[in-house]
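Let me give you the structure first, and then I'll get to my questions.
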Amino acid sequence: MIARLTGLVAQLGSDTAIIDVGGVGYLVGCSTRTLGQLSEGADVRLHIDTVVREDAFLLYGFATEEEQAWFRLLQGVQGVGARVALAILSTLSAAELQSAIANGDKAMVARTPGVGPKLAQRIVTELADKTGPALGSGDTSAAGAPPPAGTLAADAASALANLGFKPAQAAKVIKAAMDELGENASVEDIVRSALKRSAR
């Protein structure tokens, strides 16, 4: 799993960036908020979420771990895929999204193109008990918040997310697996143990 890219911004698109790392260009999907912080030819370091599908190997990049955390949480809601999550993060800042969920303001979330009232209501309802003030302040210890990027737990969480696990569910089984296996366990060992635990 790719967790971080450090290189040069070779090209910017409407919703993607090509990051040149040692002569290899990585196509990375980004929110307009992250793209707005990038300049062609400039050095950049992006936090990366890797999504592996049967027909594609997709990378999504974020200027901050906070935005990456929201990207993962949003995809835990039924009907929200990577593109919709990026659209929401392009429309609302982390603080605005936090406020909308805390206040049950589905209208604010529905400002996002492609997000109707029903989906906005689902996002507000399902994330209400998974987010708190700590997430907005960058503290990832809040219930349901993803682990820091670049860690074994983050790679395991990404793998489990690809298998349909919700963030809170993945965090619970990963913690139990790591408590059992220790911090020197591989991502594969953690995911295998987590899958066994979820099947009990």
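What's the longest uninterrupted piece of the chain once you rule out the GluC sites (Glu not before Pro) that are loop residues per DSSP with at most 14 other Cβ within 10 Å?
That would be 55-182.
Using Cβ counts within 10 Å as a stand-in for footprinting exposure, how do 1, 178 rank, fewest first?
1, 178
Can you find, among 97, 63, 12, the residue farthest towards the positive end of the dipole of the chain? Put +1 on the C-beta of Lys and Arg, -1 on that of Asp and Glu.
97
Scan the range 14-67 for trypsin sites (Lys or Arg not before Pro) in coil per DSSP, keeping those whose Cβ has at most 11 other Cβ atoms within 10 Å, and list them by number.
53
In sequence order, what are the phi-derived ³J(HN,Hα) couplings for the range 158-164 according to the Karplus relation 6.51 cos²θ - 1.76 cosθ + 1.60 with θ = phi - 60°, rounded to whole Hz, with x for glycine and proline?
For the range 158-164, the Karplus-derived couplings read 5, 5, 5, 4, 5, 9, x Hz, x marking Gly and Pro.
Relative contact order, percent, of the chain when contacts are C-alpha pairs under 8 Å separated by at least 6 residues?
Relative contact order here is 15 percent.
In whole Hz, with x marking every Gly and Pro, tabulate ³J(HN,Hα) for the range 80-85 from phi via Karplus 6.51 cos²θ - 1.76 cosθ + 1.60, θ = phi - 60°.
10, x, 4, 5, 5, 4
Applying the Karplus parametrisation 6.51 cos²θ - 1.76 cosθ + 1.60 with θ = phi - 60° to the phi angles of the range 11-22, what ³J(HN,Hα) value in whole Hz is obtained for each residue in order, glycine and proline being reported as x?
Here the 3J(HN,Hα) series is 7, 10, x, 6, 9, 9, 9, 9, 9, 8, 10, x Hz.
Just so you know, all these numbers are worked out from the coordinates, no wet-lab data involved. This is a predicted model, so every value here is computed, not measured. Note that we place each Cβ from the backbone using ideal geometry, even for glycine, and neighbour counts take in every protein chain shown.
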